[in-house]
Amino acid sequence: MSTQFATLESHTFDVLVIGSGGAGLRAAVQAAVPGVSVGIIGKSLLGKAHTVMAEGGVAASFGNVDRWDGWETHFYDTMRSGHFINDYRIAEIFAHEAPERVLELEEWGAVFDRTPEGKIMQRPFGAHSFRRLAHIGDRTGMELLRTLQYKAISQDIEIFQEVTVTKLLKDAAGRMAGALAYYRSTGEFVLFRTKAIVLATGGWGKIYKVTSNSWESTGDGGALAYRAGAEMMDMEMVQFHPTGMVWPPGVRGLLVTEGVRGEGGFLYNSEGERFMLRYDPERKELSSRDVVARSIYKEVQAGRGTPHGGAWLDITHKGPEFIKRKLPGMYEQYLTLADVDITKEKFEVAPTCHYTMGGVRAEAETCATNIPGLFAAGEVACGLHGANRLGGNSLADLLVYGKRAGEGALAYSQSIAEVPTIDPQEIEAEMERVMAPFSITHGENPFLIHEELQDIMSNHAGIMRSGPDLEEGLAKIQALTERSANMGITGSRVYNPGWHAVFDVQSMLALAALIFRGALARKESRGAHWRTDYPDELPEMGQWNFVQSVDAGIKEVPVPQMPEELARLFERGMAPGVWKSQQEGKEN
Amino acid sequence: MSEDIVLSIYRGDKSGGEEVRYTVPLTPGMVVLDAVHYVQAHEAQDLAVRWNCKAAHCGSCGAEINGRPKLLCKTRLDDYQGQVVHIQPMQTFPIIKDLVSDVSWNYETAKKIPAFQLSQSAPLQMQQFDVDRVQEFHHCIECFLCQDTCHVLRDHDAKDQYFGPRFMVKIAEFEMHPRETGDRVPLLAKQAGLDMCNVTKCCTEVCPQHIRITDNAIIPLKERVADQYWDPLRALFRRKKTTTPTAPDSAPTIRG
């Protein structure tokens, strides 16, 4: 036994939550009932997670401004925009429970913008049939995260900040048993033993060069789960948000909230044409994200782009007071970072990688995965969004399924008598692996490998894809993965970003290959997945989700079929609430 | 385009250190964090810097640029043309390494504030003008630059006597919520050490979210403490509070 192993710090919990963003905190808050020990691990400081980057709002069908809204319409919009490869049961539960989860936040201190009647205000967003997004200006994610953060610290939850998990550990029977991690500040290892794990580590948007994602979105959780044998679904589905910043170079990709269009902004090409009228005359700027992103992309390809290769977004007609009140973050962001006053001038936007719809396949009621004791919620999980996520649905997702994952893990942990046993040799081997980059001199630079990875993904698996391009990209990823085995670092274990980057890059490379394999398998265009060699959405492909695992490779799994009463909601070809509002209109 | 800028970045840990100079090619609109990342990727992989969103939403990258507490992601390098840019970690907290400080004291302090309490269940009926006042406090990104600049914490290291501006904002957020029922005035008068603040407004000046910390949070809270503890008429006719507060144990001892 090595000294390192003998002196290993160790903690034991009934439920361990990995990831301290919105979904993780919501899960921890739920699991922390008297008599149950709960730990939560975050890669950053508490309250810094990528959830803060969500701006526009949280979708919940209160009907505070449009009284016809209801769960059926939210369900309808979510399935339709997901192009029907979503898990209907996940979407159904989600639409039902979102309002209750948002009200809970109000009870915990969140202060949403108000309607004139004093209710929670709701704003329109792309492809939502009604004004549905509860919001606080343009910083809704931050409000949500801060509220959950202060709720969590008032409960009996042990919080580990700036800790990176490198491996999920199972017992001999294949049940979750713990995780090996290290403190980023000291580089010292720490072992977590637990009965159940909630994985809430977010997505992997950092895999792309132009991205709205913060540094953390490196897919650690997805890769940890995949290596442990979890099933990964719909990996080809990557959302490109239509509006990211374009100029200057340092801010390229930074999110411009959909709220700008929600609050009345228009998109123009370089010829001054409001081009969305052509691509989607009905929903215009508020079409679904896949459609708007593709439209901007096509305008640029056709030579009608702005000076730095985007489209113009203009909201000046709403007036400075309105803009500063409803979009204060955007106003400040453009003014300080781009010297542009959005109350006075139009500004450049272009698509940016925003969200990964694919992820760990999780069950609707409890978020259980195929590994006993492993639960997944939030962006790392898969099933709600299908081929395209609606704006505002991710914040609602992490509330609804954060809670359910917490409950699921709690119930599971209570069904297990003892904390499962971990093989000490596995721990020792993992510690050795994690330390290996220190002994490689003149190795590959992890930061530069990351840059190469981002180039490959942007060039070969971006908005527009094709078979040969994807094949080439996959080959490049495989070659880069081989080179990455030689990543070496300098310096000590104390807060060493180079060392930390090694594991981020390993996670991203693993998931990049899955994106390519999924994209090659899906020989059609559906939602965010656009293939020029298969430009149409094909009904026969719509019957399948592509599921990948270490053990079984890639396989087709049938999309769950809706029961009769849900399927009926789609018969009219319009959302139930919209139909209701039209009927009322006729009567009057 | 080929212009360079010289950064002088503090390299070291709790055992000591010094500034090291790095030359970085300038690109349009570049912020200090971009330049630090350039150094990290090309010259010093182990250069420690804390950051997350690079969009001034998360408040991770607080540091001191030419002696001023700032967010690295929001500070443009073209503001420093022709100058050497000195970058140091926040000085009020212990250093971990390079630009990363140990800010754990803030998280411990946060736990001392009683949680948000309501006497009714949601949905709440509140008008926008009722919530405007507290929504300002919700802008806080917990970058702790106000804590870094507060002379009570920085020069007098009185972390055991004052929670600092960040947590005055947090307490104000709860106290001024139209439906919140908790009473944190005794906490402010004693443990939180509100009277340690002598309203020099340094915190307001450095706040990257432009929260008017002193005017809108601290001074109104001071008024509440004064009303409850020092106004004899109010003490006689106090109706709202159930427990009779006593005067603070000690008078303020620090003056900036």
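Remarks
- Of residues in segment A:533-569 being assigned to a loop (DSSP other than H, G, I, E, B) and in contact with a helix residue (DSSP H, G or I) (Cβ under 7 Å, 6 or more places away or on another chain), the one surrounded by the most Cβ atoms within 10 Å (Cβ to Cβ): A:MET562
- Listed conditions (1) touching a helix residue (DSSP H, G or I) at 6+ places or on another chain (Cβ under 8 Å); (2) within 23 Å of A:THR356 (Cβ to Cβ); (3) of a type outside the set (A, V, I, L, M, F, W, C) are all met by A:ARG572, apart from (2).
- Residue within segment A:11-20 that is under 22 Å from A:THR421 (Cα atoms), surrounded by fewer than 24 Cβ atoms within 10 Å (Cβ to Cβ) and modelled with pLDDT under 95 present: no
- All conditions but one from (1) without any contact (Cβ under 8 Å) to a residue 24 or more places away in the chain; (2) at the interface with chain A (Cβ under 8 Å from one of its Cβ atoms) apply to B:ASP160; the one that does not is (2).
- Single residue of segment A:319-335 satisfying the filter (crowded, with 18+ Cβ neighbours inside 10 Å and within 12 Å of another protein chain (Cβ to nearest Cβ)) that is farthest from B:GLU136 (Cα to Cα): A:TYR334
- Cβ-Cβ under 7 Å pairs, at least 6 apart or on other chains, segment B:100-114 side within 8 Å of another protein chain (Cβ to nearest Cβ) and within 16 Å of B:ASP148 (Cα to Cα), far side acidic (Asp, Glu) and crowded, with 16+ Cβ neighbours inside 10 Å: none
- Flag: B:CYS143 matches the condition of being crowded, with 19+ Cβ neighbours inside 10 Å, touching a residue at least 12 places away in the same chain (Cβ under 8 Å), touching a strand residue (DSSP E or B) at 6+ places or on another chain (Cβ under 8 Å) and more than 8 Å from chain A (Cβ to nearest Cβ).
- The listed residues are A:VAL29, A:VAL65, A:VAL33, and the only one of them that is of a type in the set (Val, Ile, Thr), out of contact with any Phe, Trp or Tyr (no Cβ under 6 Å at 6 or more places or on another chain), within 14 Å of another protein chain (Cβ to nearest Cβ) and more than 30 Å from A:TYR331 (Cβ to Cβ) turns out to be A:VAL29.
- Enumeration of residues in segment B:2-26 that are among the charged types (D, E, K, R), touching a Leu at 6+ places or on another chain (Cβ under 8 Å) and assigned to a loop (DSSP other than H, G, I, E, B): B:GLU3
- Among (1) facing chain B (nearest Cβ under 8 Å); (2) under 20 Å from the mean Cα position of the chain (by Cα), the one test that A:GLY82 misses: (1)
- So A:GLY310, is it modelled with pLDDT of 95 or more, under 25 Å from the mean Cα position of the chain (by Cα) and within 14 Å of chain B (Cβ to nearest Cβ): no
- Filtered residues of segment B:27-46 (kept if more than 7 Å from chain A (Cβ to nearest Cβ), surrounded by 17 or more Cβ atoms within 10 Å (Cβ to Cβ) and assigned to a loop (DSSP other than H, G, I, E, B)): B:ALA44
- Residue among A:HIS317, A:HIS385, A:HIS354 that alone is at pLDDT 95 or above, in contact with an Asp or Glu (Cβ under 9 Å, 6 or more places away or on another chain) and not acidic (Asp, Glu): A:HIS385
- Selected residue (criterion: nearest to A:HIS135 (Cα to Cα)) from residues of segment A:147-163 that are at the interface with chain B (Cβ under 9 Å from one of its Cβ atoms) and under 22 Å from the mean Cα position of the chain (by Cα): A:THR147
- B:PHE93 being within 11 Å of chain A (Cβ to nearest Cβ), in contact with a Phe, Trp or Tyr (Cβ under 9 Å, 6 or more places away or on another chain) and touching a residue at least 12 places away in the same chain (Cβ under 8 Å): no
The values are calculated or read from the model by the stated rules, or taken from the named source; none is laboratory data. Bear in mind that the values here come from a model prediction, so they are computed numbers and not experimental data. Note that we place each Cβ from the backbone using ideal geometry, even for glycine, and neighbour counts take in every protein chain shown.
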